[in-house]
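Have a look at this one.
Values quoted throughout were computed directly from the atomic coordinates according to the rules given, and no laboratory measurement underlies them. The structure displayed is predicted, hence computed values, not measured ones. Ideal geometry is used to build each Cβ from the backbone, glycine not excepted, and the neighbour counts take in all protein chains shown.
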Amino acid sequence: MPQLVSKKIAVLVSGGGTNLQALIDNQGNINGTIDIVISNKKDAYGLERARLNNIDALYINQKDYESAEAFNAEIISELTRRNIDLVVLAGYLKILSKDFINCFKNRIINIHPSLIPSFCGKGFYGLKVHEEAIKYGVKISGATVHFVDEDADTGSIILQDTVKIDDDETAESLQKKVLQIEHKLLPEAVRLFCEGKLHIENRKVIVK
């Protein structure tokens, strides 16, 4: 078999970056390296996690640009300059432009804290996802890793896993449960991508 070329990965974060940490901790199992971490928040702890692990960390402030498109264009330029193969959204709370998605088509993945297509889409992030799951009365929830397309949380699903919702569950306790499986799913999805094992047929992702 031909030797797999190591992939260059960029991770976009807006907050604490626990999923970024899971990727950092699993780099030994992934045929790729995290080349840069970018955040739209100056005080995002994800940037500090990058620095602590000798990974380039870059803060890009949307207020410095005349439009969301120009802001996205700056990120595209940085990623293109670095020859990034895979973009991972790990708690990144900005909408990507169409140009961004087209430039990295089927090379952007996101982690979402529910079983898509439930409790997802515009406005569903953070604790709100878990609050709505509990309010609805579902018995299980979970996490989904998916490719990113032009709409919110509608791209092809790569991996999913579940957690049980107890009768006395709170949004905070459910969030902790789901984070535990997020920290397993995201590195596994990145590993599969970097080994060339993810194939999209129609909208279904087949692992080969």
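Rounded to the nearest 500 deg cm²/dmol, what is the calculated helix-only ellipticity per residue at 222 nm for the chain, with -39500 (n - 2.57) per DSSP H run of length n ≥ 4?
Numbers: 6 runs with 70 residues, N = 208.
Helix contribution divided over all residues of the chain: -10500 deg cm²/dmol.
Among 7/42; 8/197; 42/122, which pairs are too far apart, with a Cα-Cα distance over 22 Å? Present the calculation step by step, with values, prior to reporting the outcome.
On the way: 7/42 27 Å; 8/197 16 Å; 42/122 24 Å.
Too far apart for the 22 Å limit: 7/42; 42/122.
Something else now. What does the convex hull of the alpha-carbon atoms of segment 37-130 project to on average, in nm²? Numbers along the way, then the final one.
Working: hull surface 28.0 nm².
For segment 37-130, the mean projected area of the Cα convex hull comes to 7.0 nm².
Moving on to the next point. Using the number of other C-beta atoms within 10 angstrom as an exposure proxy, rank 87, 190 with the fewest first. Don't skip to the answer; put the middle values down first.
Numbers: 87 24, 190 27.
If I rank by nearby Cβ atoms, fewest first, I get 87, 190.
Towards the positive end of the charge dipole of the chain, with charges on Cβ (+1 Lys, Arg; -1 Asp, Glu), say which of 114, 13, 79 has the farthest Cα.
Going by the Cα projections, it comes out as 79.
When we measure straight from the Cα of residue 164, which lysines land under 16 angstrom away, once same-chain ones fewer than 8 places off are left out?
Leaving aside lysines fewer than 8 places away in the same chain, those within reach of residue 164 are 135, 139, 176, 177.
Further question on the same structure: Could you list 81, 191 in order of exposure, starting from the residue whose Cβ has the fewest other Cβ atoms within 10 Å? Don't skip to the end; give the middle numbers.
Working: 81 9, 191 17.
Taking fewest neighbouring Cβ atoms as first place, the list is 81, 191.
For residue 56, which sequence-distant residues (separation of 5 or more, or a different chain) have an amide H within less than 5 Å of its own amide H, given hydrogens modelled in the peptide plane?
Residues meeting the amide H criterion: 37.
Grab the Cα-Cα distance for residue 62 and residue 201, subtract it from 0.36 nm times how many residues apart they are, and report the gain in nm with one decimal.
Working: separation 139, 0.36 × 139 = 50.04 nm, distance 3.57 nm.
Once the chain is fully extended between residue 62 and residue 201, it gains 46.5 nm.
Also, I was wondering about something else. Treat every Asp and Glu Cβ in segment 47-155 as -1 and every Lys and Arg Cβ as +1, leave all other atoms uncharged, and give the resulting dipole magnitude about the Cα centre to the nearest 20 debye. It would help to have the intermediate numbers written out before the result.
Working: 13 positive and 15 negative charges, 72 e Å.
Taking the Cα centre of segment 47-155 as origin, the dipole is about 340 debye.
What whole-number distance in Å separates the alpha-carbon centres of segment 138-208 and segment 60-103?
Going from one Cα centre to the other spans 23 Å.
I'm spelling it out carefully: the read-out is Rg/Rh (Cα atoms, Kirkwood Rh), the candidates are (1) 1.38; (2) 1.03; (3) 0.96, and one was derived from this structure. Which label?
For Rg/Rh (Cα atoms, Kirkwood Rh), the calculated option is (3).
Would you calculate the convex hull of the Cα atoms in segment 148-208 and tell me its volume per residue in Å³? Show your work: numbers first, answer last.
On the way: hull volume 6.5 nm³, N = 61.
Convex hull volume per residue, Cα atoms: 107 Å³.
What is the ratio of the Cα radius of gyration of segment 90-200 to 2.2 N^0.38 Å, where N is its residue count, to two decimals?
Working: Rg = 14.1 Å, N = 111, 2.2 N^0.38 = 13.2 Å.
Normalised Rg, Cα atoms only: 1.07.
Relative contact order for the chain: what is it in percent, counting Cα pairs under 8 Å that are at least 6 residues apart?
Numbers: 386 pairs, mean separation 40.0, N = 208.
Averaging sequence separation for qualifying contacts and normalising by length gives 19 percent for the chain.
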